[in-house]
1. May I ask you to list the residues in region B:209-255 that are within 14 Å of the chain's Cα centre (by Cα) and charged (D, E, K, R)?
2. With A:Y300, A:Y309 as the choices, which residue is at the interface with chain B (Cβ under 8 Å from one of its Cβ atoms) and among the hydroxyl-bearing types (S, T, Y)?
3. I'm checking my understanding of the structure. Among residues of region A:332-351 that are modelled with pLDDT under 75 and in contact with a Gly (Cβ under 6 Å, 6 or more places away or on another chain), which one is farthest from the other protein chains (Cβ to nearest Cβ)?
4. Only one residue in B:L237, B:L275 is of a type outside the set (D, E, K, R), part of a helix (DSSP H, G or I), out of contact with any strand residue (DSSP E or B) (no Cβ under 7 Å at 6 or more places or on another chain) and within 10 Å of another protein chain (Cβ to nearest Cβ). Which one?
5. Looking at A:V142, A:V132, which is the one that is more than 20 Å from the chain's Cα centre (by Cα) and under 17 Å from A:S79 (Cβ atoms)?
6. What's the number of the only condition in (1) at pLDDT 80 or above; (2) part of a helix (DSSP H, G or I) that A:G161 fails to meet?
7. Here are A:S76, A:S83: which of them is in contact with a His (Cβ under 9 Å, 6 or more places away or on another chain) and within 27 Å of A:A222 (Cα to Cα)?
8. Listed residues B:L99, B:L88, B:L123, B:L112; which is facing chain A (nearest Cβ under 9 Å), surrounded by 19 or more Cβ atoms within 10 Å (Cβ to Cβ) and outside any helix (DSSP H, G or I)?
Amino acid sequence: MTGQASPPAGQAAAAGARHRKSVGWPAGRAAQAGLIVLALVAVVIFPLAFTNQQVSTIAFLTLIFVCAAVAWNLFSGYSGYISLGHAVFFGSGAYAAGIAARDWHITGTAEFALLPFAAVVAALIAVPFGLVALRVRRHTFVVITIAIFFIFQLMAFNLTGLTNGTIGLNAPFLLWDPVSFDQRFYYMALVLALGTVAISWLIKGSRFGLQLRAIRDDEDRAASLGVRAMPVKLTAFVISGGITGLAGALWFFFINQVLPQSGFDPLFDLTVALMAFLGGLGTVTGPMLGALIIEPAQQYLTTQFSNSYLSQILLGALFLAVVLFLPRGLIPTVAAKGSGWLEQRRGRQDVPATGEDGDGGADGTDAGIGSPAEAGTSAAADAGSGDTSAPAATSKGPAS
Amino acid sequence: MGTELTRAVINGILGGGIYALMAVGLTLIFGVLDIINIAQGVMVILGAYLSYALSVHLHLDLFLGLLITVPAMFVIGVIIQVAFIRPLHGSERTSMSLLASYAVAIIIEGALYLFFGPNYVTLNASYVNKSVYLLGFHLPYIDLYGFALAVVLVAAIYVMLYRTTFGRSIRATMQDRTAAMLVGVDVNRVAALTYGIGVAVTAAGGMIFGASGGGFNPNSGYDLISRLLALIILAGLGSIGGALVASMFMLTLESIVDIWQPNWSIAVFYAALVLVLLIKPTGLFGRQAARAQ
């Protein structure tokens, strides 16, 4: 997991990070592990306890968004390149599955063999997409992803021979009764979501993940220290795109239909980004938490208010509230509060050594976002683990 | 064929004037605040709906109505900047401001749906459906008036930027925020007013867009903003002259492609954007490198 090759930029930092984690706090670790097991049990028995179709639909969609938000974050959150074009992959995955099922006459449960195909198609699309978009940074990157997104939506509308245009595509019919249909899809989405979280976690702890975060903090410095920026960014982009495509295909099989405006939906881009921001950009658990909060809330609002416009306004207001009052996201904010509390309890002496342990898997505090005091703490902790970690961990000032 | 082409070029230039006006507002906001105002598109639509409300309920002439809608949009812009954009800071400011303006766009869109419903509407006035026979072409009055208005407003922005003290402080802030602050420019005030001006021009842009296009609904903002973003990136972020040239050029190109391939004409926007950035990542007239912003 911690890369084996010898090391320019992030190696020492990686070793440091592992070291800090293993020093740990046994009781805290046990509690954390217990919580994870409890959560796992809860999500596994959930569909058995709730068979109401409305509930199981929301549960499935939530898992799809967990997957999409975590996949988005493992590129955008780690690298700092904010993509507002991930619906390209979601839609492409759905369309790839739909087109293949139609042209290759795939019916019934055989459709699930198309899931890997959809992932590969989305990943292949991510290669030229990334080669074009990743040449530019910041605002320009964001706008390029939006532009490419619109090109894809336009293609879905206009390449009628391939996509059926505005009529869209239908998924193969499954001879499952409604309850087991929902349950099976739920478990497939659960496996996908857990797998994505695991990949995100593995990447975050790896040398590759450190290179990504070094790029986020200062790409030119990272490059000068030997990080091959373009291949690293592109790899993350392709992994992220492939997973999003897979989620798109599964979503398509569940919903049974894909239209240009539902597969390539600008709100999808925004929602996924918001989930990651709400939970904590660049953390492992943050985007998952964000999806678990936002998607059910959104679905609930949509069903509660017959007026979907009102729910749209509320959603926008929620976005604004997150951006204004929780700019660092839930996980890093809570983690900072937690370590601040520990700091007070233990006295200031050993803060650099233990402050980072308090936040467990969600080491958002190393992001360099936030108040100077906290950034200082994490920089101090990282400095303790080796000088070469500096480019990956030092905080940067305001963008402007 | 030849006449068709000439007509396409004329349409492109007339339409380009309006897009230039809206793009100048967007690029001005970028230059001073270092944010991309995703809400610009839906604000154009808001401007169009304000004109619509005034003309339907108060029977006010569209151009006279601008005397109300432009200041109204200016105030809305200043309020949004002070309430939602100014509080953002820190290293994630770029992405935060994008999300904040996107959120503003969603709220405005939802509010427009609530008040006006999802049906397409058009702005009507005596001159909207009439045209003048000029140089062998029937040119709609509204397009000509709109173009004239756009020229006047863009010229006014130019004069303001290059002939007034306030314009000098805007340009100073665009060049170097810290240095501008050091020589006594009230950067916060400049930022709020610039945002207001950038939004105010959308009132005029929206009125002409709503009167000359094929109708609009609250959802039309997405199409607009994606074009406007493509235009200002193509021009080079923060370049005002570039935004003018890019708008004229792209609208003409789109209108020419439209002769053969109406379904794909919008794709020209994005394809051109991608092509230009492959060759010149700064955009056509960009000063700062998009790579190293």
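The values are calculated or read from the model by the stated rules, or taken from the named source; none is laboratory data. If you're wondering where the values come from, they're calculated on a predicted model, not measured in any experiment. Cβ sites come from the backbone with ideal geometry, for glycine too, and all protein chains shown count toward neighbours.
1. The answer is B:D223, B:R227.
2. Going through A:Y300, A:Y309 in turn, just one is at the interface with chain B (Cβ under 8 Å from one of its Cβ atoms) and among the hydroxyl-bearing types (S, T, Y): A:Y309.
3. Checking each candidate, the answer is A:L342.
4. That would be B:L275, the only listed residue that is of a type outside the set (D, E, K, R), part of a helix (DSSP H, G or I), out of contact with any strand residue (DSSP E or B) (no Cβ under 7 Å at 6 or more places or on another chain) and within 10 Å of another protein chain (Cβ to nearest Cβ).
5. Among A:V142, A:V132, only A:V132 is more than 20 Å from the chain's Cα centre (by Cα) and under 17 Å from A:S79 (Cβ atoms).
6. In the conditions (1) at pLDDT 80 or above; (2) part of a helix (DSSP H, G or I), A:G161 misses (1) alone.
7. A:S76
8. Unique residue meeting the criteria: B:L88.
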